[in-house]
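See below for the structure under consideration.
The values are calculated or read from the model by the stated rules, or taken from the named source; none is laboratory data. In this text, all values refer to a predicted model and were calculated from it rather than measured experimentally. The accessibility values were calculated without ligands, DNA or RNA, using every heavy atom of the protein model including side chains. Shrake-Rupley method; radii C 1.70, N 1.55, O 1.52, S 1.80 Å.
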Amino acid sequence: MKAKTILPKIAVVVLVVAFVVVCCMTGSITSPVGTLWSLLPPVIAIGLALITKEVYSSLFVGIVVGGLLYTNFNPIHTVDSIVSDGFIKAVSGNAGIFVFLVILGIIVALINKAGGSQAFGQWASKHIKTKVGATICTFLFGVLIFIDDYFNCLTVGAVMRPVTDKTKISRAKLAYIIDATAAPICMIAPISSWAAAVSGYAPDGQGIQLFIRAIPYNLYSLLTFVFIISLTVMKLDYGPMKLHEMNAAKGDLFTSGGKQGEDEEPATSKGKVIDLILPIVVLIGVCVFSLFYVGRCMGDEWVFASANYDPSLGFVDAFSNTDATVGLPWGGLIALVVTVIYFVARRLISLKEAMDCIPKGFVAMVPAILILTMATSLKNMTSLLDSSTFVQNALSDASGLNMLLPAIIFVVACAIAFATGTSWGTFGILIPIVLAIFPVGSTIGVICMSACLAGAVCGDHCSPISDTTIMSSAGAQCNHINHVSTQLPYALTVAAISFVGYILAGFVQNAWITLAVMSVVTVLVLLVIKLIGNKKTAQ
C-alpha cells in the first residue's frame, strides 16, 4: 500500500526535474534570470505540494530546481548556492521569528500545564455554546490584534483553540479564520508592521497618507471580512472544508494528517480563566511596547543599550521604523519570564515542570520552523533568478490599459505572491512600478496601489509556501496541507469577486460605490453556492 502512494510522488519529481534538464540542454532555456522561467521553482514546489500532499520534499525539489537554473546546472555551484544563498540566509534572516515561535510554543505549553486552557475551555462551553458564536469570537479577536500578522496568527490560535475545540470547529476552519484575519487586518490598519513596510516604498513623507487613501479600495481584505461573516451567519461550508466540518461535528477535529502539537495534560485542576488571559495580555502588551521601543532605536541591533534611541518619535513613526524580528523575541522573552514566575508563585506548577515545558514548546513548533526555513530558501532562489525584472517588463507593456490596469495588477500581484509566498516581496516589486507609471496621489494610481496590496494578500493566502499561511497552521495546530487545500476555494471565491470589483473601480473610481456593490455581490455569490449545495444534497 505504501509503495502505491510513494511511487507516483517519485515519478512526478523525476518528470519535473527531467523536463527542466531537457529544456536547458536543448537550449529552450538560454538564461532563466529575469524571464518567465524564474518563476518555475516555486510553481514546481507548490504544484508538487498540492499533488503529493507532502510539503517538505516538494519545497526541497523547488529549491534544487532554482539552484540548478541559477548556476546553469553546475553541480558544485548548485550545492553551494542552495546551502549558502538558500538555507543559511533563510535561517539567519528568520532567526528572530524562530525564537519568537519557540517562546510562544513554550508559553502555550506552560498555560496548558497550569490548567489555564482547560479552565478557559470550560468557561467557553458555558458562555459560547454555538459554532457561530465561537467563529465570530475568533474573527473579532483576530481583528483586534492588528499590529503584526505573525503575532496575530500565533496568539489567536493559542487563545481560541479551547473554544473552537469545545464547539466542534475543525482545526482547518480555525486555521482559515486565523489566516483570513491576520494579513487582511494588518493591510488595512495604519498602525501595523505592514503599513510601515508599504509606506517605505512611497516618496518621503507620503507613505502613510497613500496607505490610508488605499484602504477603501483594498477589496480583497475588506471583502474577506464580509465573506467570513456571511459564511458564518449562513452556516455554509463548501469544498474540502465541508468534509472537515462534517468530521469535526462527529468529534474528529483533524480529518487527516494527525494531531499537530497535541495539548499537554494539566498538572493541576486549580487553573482558572485568568491563568490563560493574564499571560496573553502580558505578551500582547510587552510585544507592542517592544516593537515601539525598537522603532525608536532607529534600527540599532543593540536595542536596549542603543545610543540611537530617539524619544521624539511618535507612535506611528516608531512603528514605521520597527523590526518585528527584534521586537517580538524581546517581548516574548519578557512575557515568558513573567509567565513562569506567575505560575510558580501561584503553585500551579513547580519550577521543574515549568522547565520541562521548554523542550515541549520547541517540539510543537518544529514543523512550522522547518517549513518556514524551506519556504524562505525557495524565495531566496527566486530572488536570485530576478523574477522582479520579468514582472516589471510585463506591466510596462500593459501600461496603456489604464481603466483595466487595477484588475491586471491585482492578478499579477496574486500570481507573484502565490509563486513566491511573500506579500511584502510582492508589493516591494509592484509599488515602485505603479508609482512610476502614475502620478503620485492620482485616483487611478491609488486604486492600482491598493490592487497591488490586495493581490499580495490574496496570493499569500493561496500559497502553501507563504509565511503567514505556515504561521496560521502552527497557530491552529493544523496539518499544513489540510489548511492550504481547505482555504483555497474560499480565497479564490473572494479573489474572483475582487477581480470584478477592480474592473468596476477602474471605471467608476469611487471607493464607496465599488465596496458597497461588491459586498452585495459577495453575499449573493454565497447564497447561490448554498442553493446549489442544497439541490445536490436533495438529489
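For the reader, a short list of remarks on this structure follows.
- Cross-link pairs beyond the 27 Å C-alpha cut-off, checked among K166/K242; K235/K536; K166/K360; K113/K235: K113/K235
- With a 1.4 Å probe rolled over the protein heavy atoms of all chains, the accessible area of V412, V198 falls in the order V412, V198, largest first.
- In sequence order, calculated HN-Hα J values of the range 86-91 (Karplus, 6.51, -1.76, 1.60; Hz; x Gly/Pro): x, 5, 5, 5, 5, 5
- Three-way shape label, the range 499-539, alpha-carbon gyration tensor, a/c 1.5: prolate
- In terms of accessible area, using a 1.4 Å probe and ignoring ligands and nucleic acids, S519, S269 rank largest first as S269, S519.
- D356 contributes an accessible area of around 60 Å² to the protein surface, as traced by a 1.4 Å probe with all chains present.
- Rg/Rh (Cα only; Kirkwood hydrodynamic radius) as it applies to the range 342-387: 1.40
- Accessible-area value, W123, 1.4 Å probe, nucleic acids and ligands omitted, Å²: 90
- Surface accessible to a 1.4 Å probe, D323 within the full protein complex, Å²: 70
- Ranked order, K360, K536 - accessible area, probe 1.4 Å, largest first: K536, K360
- Mean projection of the Cα convex hull over all viewing directions, computed for the range 422-539: 9.2 nm².
- Taken over the alpha carbons of the range 35-87 as equal point scatterers, the Debye sum produces base-10 log I(q)/I(0) values at 0.13, 0.14, 0.20, 0.29 Å⁻¹ of -0.30, -0.34, -0.66, -1.05.
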